Amino acid sequence: MFGWLLAGLLFASAAQGAAPPKAGPGFDSIEAARSDGQAATPPVDGWTPVSLPDAWATRWPGYDGVVWYRLRWSGAAASPPLGLLVEYANMAATFSLNGSLIGGDASLVEPLSRSWNLPRYWVLDAPLLRPGANELLIRVSGIAIFQAGVGPVSLGAPELLRPAYRESLLMRRTLPLLGIGLTLVMGVLYGMLWLLRGSERSYGWFSLFSLLWVLYSLNYVALGPWPFASTEAFQRANHLALVASIVCFFMFALHFCDLARPRLRRATLLVGAAALAALIAVPSRLLEPARDITVLAVLLCYFASCAIIVRHAWVARRLEVAVLAACLMLPVAAGAHDTLIFLEWLPGTRYYVTLSSSATLLGISFALTWRMVKGMRLVEHFNAELQQRVDAATQRLAEGLGRQHEAELVQTRLTERLSLVRDLHDGLGMTLSSHIHTLGNRGAGDHGAALWALKEVNDDLRLIIESSAFDDTDELADRLVPLRHRCTRLLEAAGIACRWQLLRLQGCRLGGKRDLDFLRVLQEALANVLKHSGATQVDVTIEAVGSQLRLSIHDNGNGFAGDAGSQPSGGMGLQNMRLRAARLGGTLDICSGTSGTLLALHCPIEASVPAA
């Protein structure tokens, strides 16, 4: 892109500063002469020596029409067959060897065919090729402001020129066509992305730049001015596409680099619109200076776009911007190379502009695609994180619902328990109290055993009622209060002093039926002291140590029958206490001797408080 623009701008000065005309390799002489556009044969006089490549505007400024080129060589220089390679002829041309037509374009008058991008190759042999002097005539129809003329012409062995022709065809036709196809695909693709996501304006400007660049690139592959009626109209439209594409490229650079400068963007669009209007309205006689001015402006705009992106790459230090900046340097390098070739400061005739343009478009495509992929990765990461949060919230909700369901079950059980307690209290409790009161009024007599049994049943019922009246959130110390009061009263009435120590029971809970089992063990142990020990003193210690609850009951009675320090097997009461200790998840130890009996119970405390 850069090389073609700069080469076109400097074409005249390049030709003026070229070396004196000389014949090309393999030719004795190369001459050019102007002719009438309707002439079927070359002029007799007016021939001027030239060197190829040649653009006649430097020799005959402003001349539009037909120029004949005459190339002569001697057959003795090389034996047939010979290869003949013509790099290009601008615009339309015919080729005749020794008076016989060997090739040419379809239209030699407006609208002219376009041969400047089409290399020609022939294998010459007898009878066209003569053993003596040979003459190649090239009739060129062209327009001065569009660098009309003939490119390099080579004569030599076919096995040497055929690879050169294939290479020229690849560079001048195949690669530009592939580049145009690639650019068109990227323009349509990113245009669709922009239509689906309007906020990504850099995609939209890149799409417009690509599509307009396709229109401009047709200049490198088109073989005629279709759909326009003249070469001037085609070139004017092509130049309009160039200016519009570079303006879109500058807008892309601003959006890609996140330069939020509305005034600069509006000024760019206004200047671009003014340049397009000027190119449309300028008359034909002023088209060449207007084109040169706009080419210079386009070059400045292109360099400004590259500078913006390179600066952004240096500041941002991101991979996609660095790749784009590197790709933008390729057209600059290719343009410098092509300009030096054009000025004949470097040997060769190959231009690398089309390749560099494709590299630029690929760099832009990579940068935009990389950004899109990064955005997709961020979305995927966000979705994964969101899914994790949803799963965690779902789990917490399930746990909350489970706790709520468990609390409802606990509340239901508590309600049923309280209902049962009320029934026991109002029914069986009232009946027992009535019988105890009746027997008590009649005196002990023969009813002493029955009265004692009723009182035991009443006390047991009261323990069940009191245990059931608490919910699972009550502390153990609160549940011990009624039993402690009642047992102390009974023991002291029997002449047994009872001392209690409740240590570190704040917040201690057993929960559920474990409370009742613990109280049953305590009640049974104190009942045994009352009934069987003959003790005068009993010490009760209940202590929470870490996650363990310890119960210790020590009396100074007679102890169990048997050896001192033995573990009594006991009757039903002791078996029930061991069963309840097992349900509590603890151990029960009883040591009896001459100094009394020691009962020790160790069981775990509930680790957490059930939800209400």
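No lab work stands behind these numbers, since they all come straight from the coordinates. These numbers were taken from a predicted model, which means no experiment stands behind them. FYI the Cβ positions are ideal-geometry reconstructions off the backbone, even for glycines, and counts take in every protein chain you see.
Residue by residue, segment 214-221 carries 3J(HN,Hα) couplings of 4, 4, 5, 5, 4, 4, 8, 10 Hz when phi is fed to the Karplus relation 6.51 cos²θ - 1.76 cosθ + 1.60 (θ = phi - 60°); x denotes Gly or Pro.
For the peptides 208-215, 57-64, residues were scored by their other Cβ atoms within 10 Å and the scores averaged per peptide; the highest-first order is 208-215, 57-64. Residue ranges 135-148, 104-117 sort as 135-148, 104-117 when ordered by packing (mean number of other C-beta atoms within 10 Å per residue, highest first). Placing a label point 7 Å from the Cα of Trp500 along the Cα-to-Cβ direction, the residues of segment 520-560 whose backbone N falls under 11 Å from that point are 540-542. Legend: calculated FRET efficiency, Ala392 to Thr412, from the Cβ-Cβ distance at R0 = 45 Å, rounded to 0.05, equals 0.90. Sorting 582-589, 91-98 by average packing, meaning the other beta carbons within 10 Å per residue, from highest down gives 91-98, 582-589. Between the residues Asn98, Ser35, Tyr63, the greatest Cα displacement towards the positive end of the dipole of segment 20-156, with unit charges on the Cβ of Lys, Arg, Asp and Glu, is found for Asn98. Going by a ≥ b ≥ c, the root eigenvalues of the Cα gyration tensor, does segment 490-530 fall in the rounded group (a/c under 1.5), the prolate group (a/b larger than b/c) or the oblate group? Cα axes put segment 490-530 in the oblate bin.
Simple point charges give the picture: +1 on the Cβ of Lys and Arg, -1 on the Cβ of Asp and Glu, and for segment 20-156 a dipole about the Cα centre of about 140 debye. Determine the shape class of segment 167-250: with a ≥ b ≥ c the square roots of the Cα gyration tensor eigenvalues, call it rounded for a/c under 1.5, and otherwise prolate if a/b is greater than b/c, oblate otherwise. It is oblate, given that a/c is not under 1.5 and a/b is not larger than b/c.
At 37 °C and 0.692 mPa s, what whole-number value in µm²/s does Stokes-Einstein give for the translational diffusion of segment 172-383, with Rh from the Kirkwood sum over Cα pairs? The Stokes-Einstein estimate is 179 µm²/s. Amide H to amide H, with H built 1.01 Å from N, Ile605 comes under 5 Å of Gln548, Leu549, counting only residues 5 or more places away or on other chains. Note on Gln575 and Glu385: with the Förster distance fixed at 60 Å, the Cβ-Cβ geometry gives a FRET efficiency of about 0.50. About its Cα centre, segment 93-247 has a charge dipole of approximately 220 debye under the convention of +1 per Lys or Arg Cβ and -1 per Asp or Glu Cβ, with nothing else charged. Counting every other Cβ atom within 10 Å of each residue's Cβ, Asp45, Asp292 order from fewest to most as Asp45, Asp292.
Taking square-rooted eigenvalues a ≥ b ≥ c of the alpha carbon gyration tensor, is segment 109-182 rounded, prolate or oblate, where a/c under 1.5 means rounded and, failing that, a/b exceeding b/c means prolate? Oblate is the answer for segment 109-182, as a/c is 1.5 or above yet b/c matches or exceeds a/b. Rounded to the nearest whole Hz, the Karplus-based 3J(HN,Hα) values (6.51 cos²θ - 1.76 cosθ + 1.60, θ = phi - 60°) of segment 182-199 follow the sequence 4, 5, 5, 4, 5, x, 5, 4, 6, x, 5, 4, 5, 5, 7, 9, x, 5, with x at glycine and proline.
In order along segment 174-179, the phi-based Karplus estimate (6.51 cos²θ - 1.76 cosθ + 1.60, θ = phi - 60°) of 3J(HN,Hα) comes to 5, 5, x, 5, 5, x Hz; Gly and Pro are listed as x. Here the simple spin-label model places points 7 Å from the Cα toward Cβ, and for Ala307 and Val545 these points are separated by 8.7 nm.
Each label was represented as a point 7 Å from its Cα along the Cα-to-Cβ direction; for Met329 and Glu475 these points are 7.8 nm apart. Each residue, Arg34 and Ala273, gets one label point 7 Å from its Cα in the Cβ direction; the gap between the two is 4.3 nm. Among residues other than Glu288 with Cβ under 15 Å from its Cβ, the summed charge is 0 (Lys and Arg +1, Asp and Glu -1).
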